Amino acid sequence: MSDVIHLLPDHVANQIAAGEVVQRPASVIKELLENAIDAGAKNIQVYVKESGKILVKVVDDGAGMSLTDARLSFERHATSKIKSAEDLFHLHTKGFRGEALASIAAIAHVELKTKREEDEVGTCIKIEGSQIISQEPCVTSRGTTISVKNLFYNIPARRNFLKSDTVEIRHIIDEFQRVALAHPNIAFSLSHNSSELFQLSNTNYRQRITNILGGKTSEKLVPVNEETEIVTISGFVGKPEFAKRTRGEQFFFVNDRFIKSPYLNHAVTAAFEGLLKDKAFPSYFLYLTVDPKSIDINIHPTKTEIQFDDEHALYAILRSSIKHSLGQFNVAPVLDFERDPSLDTPYNFENKPAASPQIEVDRNFNPFKNESGSGSGFRSAFKKDSGDWEGLYTGLKSDSNFIDLKQIEFESEEVTGNLFGATKTVETQNSTFQLNKKYIISTLKNGMLVIDQHRAHTRILYEELLKSITLSPAVSQQLLFPLILQFNQQEIKLLQGIKDSLEQTGFVFSDIKSDSVEIIGVPTTVSESEVEILLERLLADFENEVPENNFSQTDLLAKSLAKSMAVKSGNLLNSTEQQHIVNGLFACKEPSLTPFNKPVFITLQVEELEKKFM
Ligand code: ADP
Ligand code: MG
């Protein structure tokens, strides 16, 4: 039998390598930016068309290449950055594998123009799918311009795999920001479809961060500086009161390269311990410099993880230096722990008129929760006794239509007396009461109804919002003074995209600048103090789940706003409010489920109760 092993042709090998190096247009931007920086450029311009699917062009004023180097740069494993394996341990450049240009040229139409200072004329090379199309002298200024057109033109599967323009441009902006944050001494610009997204002149770290994140970022930053044997740390952390509800503004750079490190992130979070509200993420921009020998550089070019020799020491140093900074800048003492009012002991209990009857049950009890645990003694006891706990809650079982809504008839008679036989309360005219500040209980003709107040209100608001966005705009309440909120450029872009829909819900924007918005009207159901967090959450939702069409945009908007605006569990509701929710809920088109497909209420029939008493 003849030999079966053969070497793959170069262009095939290059295409395979490209699969690893180039996932999407943003990967091209990253590689080209890194090459420009390695070439010592001081000004770098990036031009993008249709989120990089049509064109990515990077222009630098770096060292440029000789004619031979220009030709060689597209060969695989062609690099000027290391000559021997030993060099790997002293690496001060970003590239070293010599893979990027070869990979990109294998899957796109590439044009390179380059000239060194000392050369009279430059070189222009055109290459398509690893094939040189032309190479000729050309007039160009010092530096290198690389245009990458029609990415993945020869791999339709990869091309089809690309996400919508909104998603791809977000990845591009992310990569661009990471590189720009790491190199404030270099001027960068980024244009998309001939509109300029960033124009960053060379400056210091603080200014660069502010230029990118916008607005009053500078006031929110606390400097961190530490120098030890194993690491030098500089940079900033955000003051705790400005912590975000999303991880958006968390950046680590090691030797000027953006990295991700859950472990070091933990160190930062630990330094903020006790300073942050629940579910808030501290912002940070931390620049670590370590001896190149102490990190594992044999990492994949596109990966952002990194291996440190002495991770534990790094953790400790990072944590303590941030703690120190927070203390030094008087951030730590201005703590304001939010009290949970439900923890307050009612010492004046005796003198209080009895409100709606309260039943003492496990506070964690949540019949909607499917996962076990969280110390729900009540529930597990229940389960043991009945053996068929789930069966009690008819209608909960996957099929929401199981509860026949028309069959729900509210009991018209008044509730007489209360559980503890105390004096009759003022609430007796109404057939609802609140349990555990979380559920609204209402009697039915033949049983009872347990409604999750937050979920019910979310459903009501969701349907109202959908209606106002698509049919008739909601009324808005005018603010006494315009409210000015700061956002970064990315958030502003998102906001502009949903501005019209938001105005339908009652928001009135008087001005949208590049880093702030001015609001003069808000929906009647929203208080001024809630507006910022509401919009912040909304934008975070839009960043996480980019809607592909108008319908899903409206839906996402209504869902996000409804969730933020709805009463929370833990809110005490008076009987009018309870009634309002019950009536509103059953006027909804789909009362039994939240817009997130969670059950809103359960019913308990008298027969089921009777079974329990047998
Ligand atoms: P690497 O960066 O790992 O060396 P690349 O494929 O990215 O590999 O680049 C190959 C070589 O081409 C580089 O080592 C460098 O010598 C040269 N090169 C690439 N881009 C530029 C540029 N913008 N300016 C000058 N030289 C460049
Ligand atoms: Mg490179």
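The values are calculated or read from the model by the stated rules, or taken from the named source; none is laboratory data. Everything numeric in this text was worked out from a predicted model, so none of it was measured. Counting neighbours? That spans all protein chains shown, and the Cβs are built from the backbone with ideal geometry, glycine included. Please note that ligands, DNA and RNA were not included when accessible areas were found on the heavy atoms of the full protein model with its side chains. Shrake-Rupley method; radii C 1.70, N 1.55, O 1.52, S 1.80 Å.
A compact table of results
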read-out	value
Selected residue (criterion: farthest from the chain's Cα centre (by Cα)) from residues of the stretch 487-528 that are of a type in the set (Asp, Glu) and closer than 22 Å to Arg170 by Cα	Asp500
All positions within the stretch 99-132 that are touching a Lys or Arg at 6+ places or on another chain (Cβ under 7 Å) and on the phi > 0 side of the Ramachandran plot	none
Residue in the stretch 131-143 that is closer than 17 Å to Gly62 by Cβ, open to solvent by less than 30 Å² (accessible area, probe 1.4 Å), within 15 Å of ligand 1 (Cβ to nearest atom) and not in a loop (DSSP other than H, G, I, E, B) present	yes
Elements of type strands (runs of 3 or more DSSP E) contained in the stretch 180-251, each with 3 or more residues being closer than 23 Å to Ile29 by Cβ and touching a residue at least 24 places away in the same chain (Cβ under 8 Å)	187-192
Given (1) open to solvent by 20 Å² or more (accessible area, probe 1.4 Å); (2) touching a Gly at 6+ places or on another chain (Cβ under 9 Å); (3) over 15 Å from Val28 (Cα atoms), number of the condition Val121 does not satisfy	(2)
Every residue from the stretch 1-22 that is within 16 Å of ligand 2 (Cβ to nearest atom) and within 31 Å of the chain's Cα centre (by Cα)	Ala17, Ala18, Glu20, Val21, Val22
Residue, nearest to ligand 1 (Cβ to nearest atom), within the stretch 18-54, restricted to residues that are in a loop (DSSP other than H, G, I, E, B) and open to solvent by 10 Å² or more (accessible area, probe 1.4 Å)	Ala39
Residue within the stretch 76-88 that is crowded, with 22+ Cβ neighbours inside 10 Å, small (Gly, Ala, Ser) and outside any loop (DSSP other than H, G, I, E, B) present	no
Selection count, the stretch 97-109, where residues are open to solvent by 10 Å² or more (accessible area, probe 1.4 Å) and more than 9 Å from ligand 1 (Cβ to nearest atom)	1
Yes/no for Lys115 being within 13 Å of ligand 1 (Cβ to nearest atom), over 26 Å from Phe198 (Cα atoms), crowded, with 22+ Cβ neighbours inside 10 Å and of a type in the set (Lys, Arg)	yes
Selected residue [surrounded by fewer than 17 Cβ atoms within 10 Å (Cβ to Cβ), hydrophobic (A, V, I, L, M, F, W, C), touching an Asp or Glu at 6+ places or on another chain (Cβ under 7 Å) and under 30 Å from Leu190 (Cβ atoms)] from Leu485, Leu479	Leu485
Answer residue from the stretch 95-121, given it is more than 16 Å from ligand 2 (Cβ to nearest atom) and of a type in the set (D, E, K, R) and is nearest to Asn160 (Cα to Cα) among those	Glu111
Checklist (1) assigned to a loop (DSSP other than H, G, I, E, B); (2) open to solvent by 50 Å² or more (accessible area, probe 1.4 Å) applied to Lys57, failing item	(1)
Some residue of the stretch 85-96 being over 18 Å from Asp38 (Cβ atoms) and more than 8 Å from ligand 1 (Cβ to nearest atom)	yes
Cβ pairs under 8 Å, 6+ apart, first in the stretch 90-116 and in a helix (DSSP H, G or I), second among the polar types (S, T, N, Q) and more than 9 Å from ligand 1 (Cβ to nearest atom)	Ala102/Asn14; Ala102/Ser130; Ser103/Asn14; Ala105/Asn14; Ala105/Ser130; Ala106/Asn14; Ala106/Gln15; Ala106/Ser130
